[in-house]
Amino acid sequence: MGWVRTHRSSKAVDFIALNDGSTIKNIQVVVDAGQVDEETLKQITTGACIGVTGELVESPAQGQASEVKCQTITIYGLCGSDYPMQKKGQSFEVMRKNAHMRLRTNTFGAVMRIRHNMAMAIHTYFHEHGFFYFHTPLITASDCEGAGNMFQVTTKNLYDLKKDEQGKIIYDDDFFGEQTSLTVSGQLEGELGATALGAIYTFGPTFRAENSNTPRHLAEFWMVEPEVAFLDQEGLMDLEEDFIKYCVRWALDHCKDDLEFLNKMIDKTLIARLEGVLKENFVRLPYTEGINILQQAIKEGKKFEFPCEWGDDLASEHERYLVEEHFKKPVIMTDYPTAIKAFYMKQNEADGEGSVGYHGAKAPGKTMQGTDVLFPQIGEIIGGSVREEDYDKLMAEINQRGMETDKLWWYLDTRRWGSCPHGGFGLGFERLILFVTGMQNIRDVIPFPRTPKNAEF
């Protein structure tokens, strides 16, 4: 039982390629003349759902080891000529408009099976390494990243909003009694888990109301966020490299047929690139050295769209240059300027204004223990850091940034009572799928993408 990929007819015999979604490979059904009513056969077109009873035999022709010699056919659902996923090639843009049907194509079947396998790899890795799967809330009153690009959650009547004398919305009568949003990250709550259970990981949906239409951004996506107590910067980099290599190795071991199909149809360098990740030790590169490399490349004639001075947040083009052209292997970039990273990251003790390499910085003298993994084709695939465990230092950074602490009192308590060194990272699940499948747009590695002006299906 399955869906028809192709149907070829001749006077003597019909060949139907049938697929049930469990594999990229079809089963060929051979229907001899007179075995099935001719009018019934004519109705069976690409996309039709049928069941076949017959004898599984060794195939005399090339292309498949076995085939089904048909005895009877049952039709479950027919497809007319307006079926959008015809055998002819479709652009990915057209398929996104028909996301409810694109899952039945060979390409998206392969991507979704790999997506499943990557989820299994993630759960298996952390389970085998003593991590506990920890569920953090999707609805939150705090903004983990401090960016403010969050979707609000409310039961209030939007046509009759009560406001105070300053014109601010009153949330006393809202469901939670305060302003709440969909989470951008489970990290802060994950830290609470790590300081109780030792090592945890979250794996769930996150939401960012960023008006971005790039091939690398979604409004709803899945994040994997481990947090580990008593972990230093070297240990965190070891964890990041070991974890992502495990996932890539799992794909090569468990998704061979789908990867070979994508290697042939989407990206002819895919399998070689995946194998290359396993062969190389990741480069561990301080941000300052990375900036020096990029500035030297500019002197030698390399053109970048975005500026590249110490203190700038690196763009994807900069990250990919380092990975794809300079080192030709994955890079873990460390020790970013504090000013371009989140408030909770641990600062390096040795920093000081006028330190070597910090001339002309936008915010000189302070770097933090970040550990971002940069991959070919993708740029940043993991963002991580050691977290600041000292209460006074964390409060000083929060005050420096002018942040409000009323929503973070519970987070700050972890630094007041039994604080410990700890660190962790966030992996954008869809970015991992992009890398493993060779697909070029993040909207094509999630079943039903949520992007600006698009919440279909």
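Residues in the stretch 139-151 that are in a strand (DSSP E or B) and surrounded by 14 or more Cβ atoms within 10 Å (Cβ to Cβ): Thr140 alone. Pairs linking a residue in the stretch 404-431 that is closer than 21 Å to Met333 by Cβ to a residue that is surrounded by 14 or more Cβ atoms within 10 Å (Cβ to Cβ) and hydroxyl-bearing (Ser, Thr, Tyr), with Cβ atoms under 8 Å and 6 or more positions apart or on different chains, are His422/Thr195; Gly423/Thr371; Gly423/Ser385; Gly424/Ser385; Phe425/Thr371; Phe425/Ser385; Gly426/Ser185.
Per the conditions (1) over 28 Å from Ile114 (Cα atoms); (2) open to solvent by 40 Å² or more (accessible area, probe 1.4 Å); (3) among the β-branched types (Val, Ile, Thr); (4) touching a helix residue (DSSP H, G or I) at 6+ places or on another chain (Cβ under 7 Å), the sole criterion not satisfied by Ile73 is (2).
Can you confirm whether the stretch 213-221 contains a residue that is without any contact (Cβ under 8 Å) to a residue 12 or more places away in the chain and under 22 Å from Ile122 (Cα atoms)? No, that holds for no residue. Restricting attention to the stretch 432-457 and to residues that are part of a loop (DSSP other than H, G, I, E, B) and within 26 Å of Phe243 (Cβ to Cβ), the residue that is most open to solvent (accessible area, probe 1.4 Å) turns out to be Gln440.
What tally of residues in the stretch 31-62 results from selecting those that are touching a residue at least 40 places away in the same chain (Cβ under 8 Å) and among the hydrophobic types (A, V, I, L, M, F, W, C)? Selection size over the stretch 31-62: 6.
For the stretch 6-14, the count of residues that are under 38 Å from the mean Cα position of the chain (by Cα) and open to solvent by 30 Å² or more (accessible area, probe 1.4 Å) is nonzero.
Can you tell me which residue within the stretch 295-309, out of those that are outside any loop (DSSP other than H, G, I, E, B) and among the hydrophobic types (A, V, I, L, M, F, W, C), is surrounded by the fewest Cβ atoms within 10 Å (Cβ to Cβ)? Spell out the reasoning first.
From the stretch 295-309, those outside any loop (DSSP other than H, G, I, E, B) are 295-299; that's our starting set.
Imposing the further condition that a residue be among the hydrophobic types (A, V, I, L, M, F, W, C) reduces the set to 297-298.
Numbers: Ala297: 18, Ile298: 13.
Across the stretch 295-309, the extreme among qualifying residues is Ile298.
The residues in the stretch 15-44 that are open to solvent by 50 Å² or more (accessible area, probe 1.4 Å) and within 18 Å of Leu78 (Cβ to Cβ) can be counted, and the count is 6.
Report yes if Lys11 is assigned to a loop (DSSP other than H, G, I, E, B) and of a type in the set (Lys, Arg), otherwise no. Yes; evaluated as a whole, the condition is true for this residue. Checked against the criterion of being within 26 Å of Lys341 (Cα to Cα), open to solvent by 20 Å² or more (accessible area, probe 1.4 Å) and of a type in the set (Asp, Glu), the candidates Glu178, Glu165, Glu189 yield just one match: Glu189. The residue list Thr107, Thr154, Thr195, Thr136 contains one member that is open to solvent by 10 Å² or more (accessible area, probe 1.4 Å), in contact (Cβ under 8 Å) with a residue 60 or more places away in the chain and more than 17 Å from Leu408 (Cβ to Cβ), which is Thr107.
Rundown of residues vs (1) at pLDDT 95 or above; (2) assigned to a helix (DSSP H, G or I), yes/no style:
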residue: Asn281; (1), (2): yes, no
residue: Gly290; (1), (2): yes, yes
residue: Ile293; (1), (2): yes, yes
residue: Gly311; (1), (2): no, no
residue: Glu319; (1), (2): yes, yes
residue: His326; (1), (2): yes, yes
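Within the stretch 174-198, restricting attention to residues that are part of a helix (DSSP H, G or I) and of a type in the set (D, E, K, R), the residue that is farthest from Ala229 (Cα to Cα) is Glu189. Limited to the stretch 76-87, what total is found for residues that are more than 20 Å from Val52 (Cβ to Cβ) and loosely packed, with under 11 Cβ neighbours inside 10 Å? Matching residues across the stretch 76-87 total 3. For the stretch 27-137, the helices (runs of 4 or more DSSP H) that sit wholly inside it and include 3 or more residues that are in contact with a strand residue (DSSP E or B) (Cβ under 9 Å, 6 or more places away or on another chain) and at pLDDT 95 or above are 106-128.
The values are calculated or read from the model by the stated rules, or taken from the named source; none is laboratory data. What you see is a predicted model, and the numbers here were worked out from it, not measured in a lab. Cβ sites come from the backbone with ideal geometry, for glycine too, and all protein chains shown count toward neighbours. Areas reflect the complete protein model, heavy atoms only, side chains present, ligands, DNA and RNA absent. Shrake-Rupley method; radii C 1.70, N 1.55, O 1.52, S 1.80 Å.
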